[in-house]
Every structure is written in structure tokens, then in C-alpha cells.
Amino acid sequence: MAAKIKKGDRVVVLTGKDKGRTGAVLKVLPSENRVVVEGVNMVQRHTRPSQADPQGGIKNKEASLHLSNVAIADANGKATRVGFRTEGDKKVRFAKTTGDVI
């Protein structure tokens, strides 16, 4: 099955502490049905000093979200569902609200 959400897509968070926030998808984890969104669902990671990072300390990073908790943002910035159609011989994704190709 084709992916409805891909790396680089602009998405809106539907539920949770970051509800309503938007961001670009940094990583998609299809086997776990999760995505990592830029600047959303930030967690603190306590890192021990290493040669790569001699300082160590508390670092902020994005944690993954379940796919069901995000939706593609259309041209207006609102959440939309994704549909598929063929244009010529190409299969393309489109926003159900506006009909625009994603």
C-alpha cells in the first residue's frame, strides 16, 4: 500500500499535548506506524559524556508520534485526509478537502 504520509510532508497534530501544532515530518517509521515531526513532542534525553559530545548533559529531541495522531495539512493549514488518483500514468496523493495534489 502506498504511504499516505511521507518525509517532508507538512502535518497537523490531532491529539495530545501538542494538539494543533504543525511541523514537517523528519522521519517515518512504517513498521511501527509512527512518525517524527519537527519541533513536536519534545522530550529530554540525559546523555553521558562521550568523545563525540564531551559535555554530555540534558538534550532536547523529538519523540515519535503514532500515525493516527497526525494528519496532512492542506494549503489552508487545516487537517485533511489523503486520497489517491491517477493522473496520466502516475499515481498521486491529493487532499480530500481541497482536491490539490500533495
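The values are calculated or read from the model by the stated rules, or taken from the named source; none is laboratory data. Because the structure is predicted, anything quoted here is derived from the model rather than measured. Glycine also receives a Cβ, built like all others from the backbone with ideal geometry; neighbour counts cover every protein chain displayed. Quick note on the areas: whole protein, heavy atoms, side chains included, nothing else; ligands and nucleic acids left out. Shrake-Rupley method; radii C 1.70, N 1.55, O 1.52, S 1.80 Å.
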### Task
Pairs only if they're at least six apart or on different chains, beta carbon under 9 angstrom, first in region 79-98 and in contact (Cβ under 8 Å) with a residue 60 or more places away in the chain, second small (Gly, Ala, Ser) and surrounded by fewer than 13 Cβ atoms within 10 Å (Cβ to Cβ); list them, first residue then second.
Phe84/Ala2; Lys91/Ala2; Arg93/Ala2; Arg93/Ala3
### Task
Please work out if Val36 is open to solvent by 40 Å² or more (accessible area, probe 1.4 Å) and part of a strand (DSSP E or B).
no
### Message
Condition first: loosely packed, with under 10 Cβ neighbours inside 10 Å and part of a loop (DSSP other than H, G, I, E, B). Now tell me which residues in region 40-55 satisfy that.
### Response
Arg48, Ser50, Gln51, Ala52, Pro54, Gln55
### Message
For region 1-22, which positions are closer than 10 Å to Leu65 by Cβ and either of a type in the set (Gly, Ala, Ser) or open to solvent by 60 Å² or more (accessible area, probe 1.4 Å) (or both)?
### Response
Leu14, Thr15, Gly16
### Message
Quick test for you: out of Ile72, Ile58, pick the one residue that is closer than 18 Å to Lys27 by Cβ, part of a strand (DSSP E or B) and of a type in the set (Val, Ile, Thr).
### Response
Ile72
### Query
Got at least one residue in region 83-92 being open to solvent by 90 Å² or more (accessible area, probe 1.4 Å), closer than 19 Å to Lys4 by Cβ, within 19 Å of the chain's Cα centre (by Cα) and not aliphatic (A, V, I, L, M)?
no
